[in-house]
1. Kindly list the number of the only condition in (1) more than 28 Å from R294 (Cα to Cα); (2) basic (K, R); (3) in contact (Cβ under 8 Å) with a residue 24 or more places away in the chain that fails for R70.
2. Just for helices (runs of 4 or more DSSP H) wholly inside segment 356-404: which have at least 3 residues that are open to solvent by 60 Å² or more (accessible area, probe 1.4 Å) and of a type in the set (K, R)?
3. Of everything in segment 8-33, what is in a helix (DSSP H, G or I) and near the ligand (Cβ under 10 Å from one of its atoms)? Give them in sequence order.
4. Across segment 243-259, what is the total count of residues that are more than 12 Å from the ligand (Cβ to nearest atom) and surrounded by fewer than 19 Cβ atoms within 10 Å (Cβ to Cβ)?
5. What number of residues in segment 51-104 are on the phi > 0 side of the Ramachandran plot and at pLDDT below 95?
6. It is to be established whether one or more residues within segment 293-301 are open to solvent by less than 20 Å² (accessible area, probe 1.4 Å), within 21 Å of the chain's Cα centre (by Cα) and of a type outside the set (F, W, Y).
7. Can you pull out the residues in segment 330-347 that are surrounded by 21 or more Cβ atoms within 10 Å (Cβ to Cβ), free of Cβ contacts under 8 Å to residues at least 60 places away in the same chain and more than 15 Å from R376 (Cβ to Cβ)?
Amino acid sequence: MGGACMTNTVAIIGANAAGLTTAMELRRLGYDGRVMLFDAEMEPLYNRPAVSKEMLSGEFSDPSDTPLVRADILEKMHLELEFGNRVLGIGTAGRLDLSGGRQVGAEVMVVATGGLARWPAQVPRLQGIHTLRTSRDAMALREALLPGARVVVMGGGVIGCEVASSAVRRGCDTTIVDIAALPMLRSIGEGAGRVMATVIEEAGVKLRLGEGIASVLGPSRISGVVLMSGETLPCDVLVIGVGMVPNAKLANDAGAENDNGILIDAHCRTSLPGVLAVGDVTRRRSTVEGLGDRSETILNAQIQAREAASTILGLELPKAQPSGFWSDQFDINIQAVGKVDRTVSHWLKPFNGQEGVLLQFSENKLCGAVGFNSGRAIARIRRLLSVGDRRPPEELLRDPKLNG
Ligand SMILES: Cc1cc2nc3c(=O)[nH]c(=O)nc-3n(C[C@H](O)[C@H](O)[C@H](O)COP(=O)(O)OP(=O)(O)OC[C@H]3O[C@@H](n4cnc5c(N)ncnc54)[C@H](O)[C@@H]3O)c2cc1C
């Protein structure tokens with residue numbers, strides 16, 4: 001990889017945001033060789049963010065309501081898609097082992113196997129306990145979110161709060177338990193976290209912050225959780241929302257370097273020759289500041305997919321762009337861009353119960369923002385971040401173009 005493209009066959013393992021975008025980007029850049037895509041799920045080409053939003057609320061009844069790409073566009077891509085086919089092993093000589101003893105060969109492999117919902121050690125596998133990663137998980141949980149059900153959500157991160165939003169809307173008696181002092185602290189920072197704590201409580205969800213779940217009561221079906229303070233919360237449904245673990249077994253077994261994610265360089269190359277990795281399964285190596293963080297967002301999956309396609313074709317990497325994510329919960333569209341954690345924040349537009357924009361600064365320089373129902377403002381801030389705007393907070397906050 002590097003220089004003119006000599007690759008005839010690319011095999012991509014995992015056909016969701018990162019894998020499919022890699023394939024489509026290869027075609028967009030003019031690659032006309034074979035592109036094979038394998039996915040373990042029977043119906044992989046759906047928007048995963050809908051799992052904790054529209055699929056859980058019931059707005060979408062199944063994954064076909066939210067396709068990743070339109071069928072007519074997909075058809076024109078001439079991709080070789082195999083669903084319900086788990087890749088069992090990869091060899092560095094370009095060999096993929098499939099179920100039924102079948103093998104296929106490819107000059108370049110892209111591992112896009114995503115993540116698995118994290119299951120904490122203190123939680124036994126009882127009936128009534130759910131995690132949320134796939135459309136099937138959403139449908140199973142939706143059936144359990146009956147009016148009056150006592151639902152405890154373990155973890156007040158983005159997905160935990162989205163679950164609570166759907167649960168309370170479906171008439172469940174809903175409690176979020178999180179060890180952190182504010183909801184979604186890691187993703188939206190302190191100022192925005194305080195706003196969301198108020199929004200969540202006003203919607204009728206009980207927040208138990210600075211508190212953890214020590215153990216779970218059974219015997220075969222969950223009947224309650226015991227908090228670290230010793231208090232027992234009776235519950236019918238426990239939803240575990242404590243993040244994901246990279247689904248890195250395939251790459252690990254093949255000998256790829258891994259440190260809480262398959263390690264990739266700026267070109268999405270793993271330590272194995274001819275094997276790239278993209279999306280939630282990866283963690284970026286960084287020569288300047290040590291290891292980079294893992295990023296589990298659609299935007300990150302898409303950015304890395306574009307980088308991987310350029311690498312395969314021997315092209316220059318696309319221009320770097322700020323990270324970001326969105327979430328829909330409690331009738332609020334939250335959008336975050338850039339760095340928001342451990343920064344100094346100033347309201348560009350104070351939250352008025354509906355809208356608001358919080359700017360984040362690091363060393364007196366704009367480094368990120370969180371918007372509530374403020375997509376246009378966030379798009380403008382994204383542009384400023386892309387060009388590295390260096391104005392101090394006072395000046396930026398007075399900018400009429402930003403304020404308008
Ligand atoms: C419930 C939920 C809500 C989310 N909401 C948002 C949101 O609002 N905004 C946002 O930016 N991000 C959101 N995310 C994160 C976002 O969905 C992920 O960052 C994104 O899906 C990552 O894409 P990926 O392709 O790397 O991994 P995945 O989407 O996990 O896809 C990996 C695919 O690989 C397949 N696979 C795994 N192992 C094998 C194998 N051995 N053989 C074949 N196939 C295999 C899996 O079946 C899967 O389809 C959400 C995530 C979840 C779980």
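The values are calculated or read from the model by the stated rules, or taken from the named source; none is laboratory data. Every value quoted in this text rests on a predicted model; they were computed, and no experiment measured them. Ideal geometry is used to build each Cβ from the backbone, glycine not excepted, and the neighbour counts take in all protein chains shown. Surface areas here come from the heavy atoms of the whole protein model, side chains and all, with no ligands, DNA or RNA. Shrake-Rupley method; radii C 1.70, N 1.55, O 1.52, S 1.80 Å.
1. (3)
2. Because the criterion is at least 3 residues that are open to solvent by 60 Å² or more (accessible area, probe 1.4 Å) and of a type in the set (K, R), the helices (runs of 4 or more DSSP H) in segment 356-404 that meet it are 375-386.
3. Result: A17, A18, G19, L20, T21, T22.
4. So the answer is 3.
5. 5
6. yes
7. Scanning segment 330-347 gives a single hit, G338.
Here is a yes/no grid of residues against (1) in contact (Cβ under 8 Å) with a residue 24 or more places away in the chain; (2) more than 26 Å from L141 (Cβ to Cβ); (3) open to solvent by 10 Å² or more (accessible area, probe 1.4 Å):
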site	(1), (2), (3)
M196	yes, no, no
E202	no, no, yes
L209	yes, no, yes
L217	no, no, yes
T232	no, no, yes
D236	yes, no, yes
C268	yes, yes, no
G274	yes, yes, yes
R283	yes, yes, yes
